Amino acid sequence: MTVYDYIIVGGGIVGMSTAWQLKQRQPNARILVLEKEADLGLHQTGRNAGVIHAGIYYEPGSLKADFCHRGVEATMQFCRDTGVPYEQCGKLLVATNDSELERMQKLFERCQINDNSTQLVSKAQLREREPAIVGDGAIFSPRTGIVDFRVVCEAMAERFSGDGGEIRLGANVTHIDESSDNVNVTTTDGNFVCHYLIACSGLMADRTAALLDIDIDFQLIPFRGEFHQLRPELAAGLKHLIYPIPDPTLPFLGVHLTRRINGDVIVGPNAVLSLKREGYGKFQFDAKDVRAMGTFPGFWKLIGRNLQAGSRELYQSIFKSAYVRQVQKYLPHITASDLGPFPAGIRAQPVMRDGTIIDDFLFANTERTLHVCNAPSPAATSAIPIGQHICERAMR
Ligand SMILES: Cc1cc2nc3c(=O)[nH]c(=O)nc-3n(C[C@H](O)[C@H](O)[C@H](O)COP(=O)(O)OP(=O)(O)OC[C@H]3O[C@@H](n4cnc5c(N)ncnc54)[C@H](O)[C@@H]3O)c2cc1C
């Protein structure tokens, strides 16, 4: 039986970025990627907003800010090198009233620390840049871009395979045994052995870590991010991404309009509790997932603390007219018939036993395994520096 040098669990963008870069650094290493689905990037990587974030408002000094700053350039360079289409269209964070204008000024100071190319835009300049959008002023982030991250993930896989790496689809990892010499991996498509295992299993990260009895104090709570697609005639008028001024007291960002690389504009995502980790239909339900949440004390503390904001998100998810009113802050003439359906995504949100939300990257390890326990948004933007970080830790 082949003993691999590395096995990577998960063929999303984090797993593929790691695999591709590990193979580049160690061309002779035998590396295998195990993915449970029939294709790569079908979960968070293939169901996100497609924004290459410039990381302007993350906590300076956090891993999230650092990975994102390096990720924006690295992603665009990767796209240029591989011919993956992307566009640096820029983002406007629009203030729609006096209190948002006040918050905008404070936020701008942080934006300047993170990225000195950001600019303040007056009401008149906003109208010039985006005639269809109503607002009292904005922060402009010129570095923000758009791309299809699933295409990026596939391009990474192509490079990895071209360099001799192996990918096995339809191989769900069900057991992992670590000994002093090796790691034995049982999947639904056979057993494999490696010297070192790296788990990049997204929405299943806590369960993969639990296969090795790693003592983790959090659980991943799935939140559906629902999108609507803007009518093409309205979409054609928008040049930038339109975002709200974030409210630090709320756990969710709020309505925003995102241009996609194919010219569509989507509105969303919101954040509504999902009753199934990898189930994308509105009413999908998984007894195991619901039981795991219901018996986890952190879940109830999270719900208790965010009851108002959570109820509002749910209300706007059920009643489209309430959602439309949020969008009307920016596009006053929009009606419910201007918003069509669009596939939802599901975000893996780690929550501690005491109900605290983990917002930054989180890793756990044993002697022969490394687990990406949390790869929060914008981990698709940050996938290349995350992959570098993982390679450095794994090769120590
Ligand atoms: C609604 C939404 C909008 C977002 N918008 C953006 C954005 O605009 N920009 C941005 O940068 N980021 C965005 N993100 C975040 C970004 O998409 C994710 O952070 C990123 O895709 C995480 O990648 P991943 O490889 O860790 O996870 P995933 O893409 O979920 O991949 C994990 C893989 O592991 C596999 N797997 C799991 N368990 C097993 C097992 N036991 N055996 C084998 N395989 C297994 C899964 O099938 C999956 O393919 C968004 C996320 C969501 C949900």
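Descriptive notes on the structure:
- Scanning the stretch 171-214 for residues that are within 9 Å of the ligand (Cβ to nearest atom), surrounded by fewer than 19 Cβ atoms within 10 Å (Cβ to Cβ) and in a loop (DSSP other than H, G, I, E, B) yields a total of 2.
- Residues in the stretch 51-74 include none that are more than 21 Å from residue 360 (Cα to Cα), outside the structural domain of residue 382 (by TED's automatic domain parsing) and either within 16 Å of the ligand (Cβ to nearest atom) or more than 17 Å from the chain's Cα centre (by Cα) (or both).
- Boolean, residue 122 is surrounded by fewer than 21 Cβ atoms within 10 Å (Cβ to Cβ), at pLDDT below 95 and either in the same structural domain as residue 247 (by TED's automatic domain parsing) or closer than 30 Å to residue 154 by Cα (or both): no
- Only residues that are of a type in the set (D, E, K, R) and either over 27 Å from the mean Cα position of the chain (by Cα) or not assigned by TED's automatic domain parsing to the domain that holds residue 167 (or both) were counted in the stretch 184-206, giving 1.
Yes/no per residue for (1) assigned by TED's automatic domain parsing to the domain that holds residue 138; (2) buried (at least 20 other Cβ atoms within 10 Å of the Cβ); (3) among the acidic types (Asp, Glu):
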| position | (1), (2), (3) |
| --- | --- |
| 286 | yes, no, yes |
| 290 | yes, no, no |
| 332 | yes, no, no |
| 337 | yes, no, no |
| 340 | yes, no, no |
| 346 | yes, yes, no |
| 365 | no, no, no |
| 379 | no, yes, no |
| 386 | no, yes, no |
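- Filter pass, residue 109 being outside any strand (DSSP E or B), free of Cβ contacts under 8 Å to residues at least 40 places away in the same chain and surrounded by fewer than 21 Cβ atoms within 10 Å (Cβ to Cβ): yes
- Some residue of the stretch 299-309 being under 15 Å from the mean Cα position of the chain (by Cα), outside any helix (DSSP H, G or I) and touching a residue at least 12 places away in the same chain (Cβ under 8 Å): no
- Failed condition for residue 231, given (1) crowded, with 18+ Cβ neighbours inside 10 Å; (2) touching a helix residue (DSSP H, G or I) at 6+ places or on another chain (Cβ under 7 Å); (3) outside the structural domain of residue 29 (by TED's automatic domain parsing): (1)
- Residue match in the stretch 286-307 (condition: in contact with a helix residue (DSSP H, G or I) (Cβ under 9 Å, 6 or more places away or on another chain) and of a type in the set (Lys, Arg)): no
- Qualifying residue in the stretch 86-100 (condition: exposed (fewer than 14 other Cβ atoms within 10 Å of the Cβ), without any contact (Cβ under 8 Å) to a residue 40 or more places away in the chain and under 24 Å from residue 379 (Cβ atoms)): no
- Selection status of residue 206, among the charged types (D, E, K, R) and touching a Pro at 6+ places or on another chain (Cβ under 8 Å): yes
- Summed over the stretch 64-82, residues that are out of contact with any helix residue (DSSP H, G or I) (no Cβ under 8 Å at 6 or more places or on another chain) and touching a residue at least 40 places away in the same chain (Cβ under 8 Å) total 4.
- Residues (closer than 30 Å to residue 167 by Cα and acidic (Asp, Glu)) located in the stretch 136-155: 148, 154
- Looking across the stretch 321-346, the residues that are out of contact with any Lys or Arg (no Cβ under 9 Å at 6 or more places or on another chain) and without any contact (Cβ under 8 Å) to a residue 24 or more places away in the chain come down to 321, 324, 325, 328, 333, 335.
- Tally of residues being touching a residue at least 24 places away in the same chain (Cβ under 8 Å) and more than 15 Å from the ligand (Cβ to nearest atom) across the stretch 220-234: 4
- Residue among 132, 155 that is more than 22 Å from residue 376 (Cβ to Cβ), among the hydrophobic types (A, V, I, L, M, F, W, C) and not in a loop (DSSP other than H, G, I, E, B): 155
- Scanning the stretch 259-298 for residues that are aliphatic (A, V, I, L, M) and assigned to a loop (DSSP other than H, G, I, E, B) turns up 261, 271.
- Residue 12 out of contact with any Phe, Trp or Tyr (no Cβ under 6 Å at 6 or more places or on another chain), at pLDDT 95 or above, among the small types (Gly, Ala, Ser) and not assigned by TED's automatic domain parsing to the domain that holds residue 268: yes
The values are calculated or read from the model by the stated rules, or taken from the named source; none is laboratory data. From a predicted model like this one, the values you see are computed outputs, not experimental measurements. All Cβ positions, glycine included, derive from the backbone under ideal geometry; neighbour counts span all protein chains shown.
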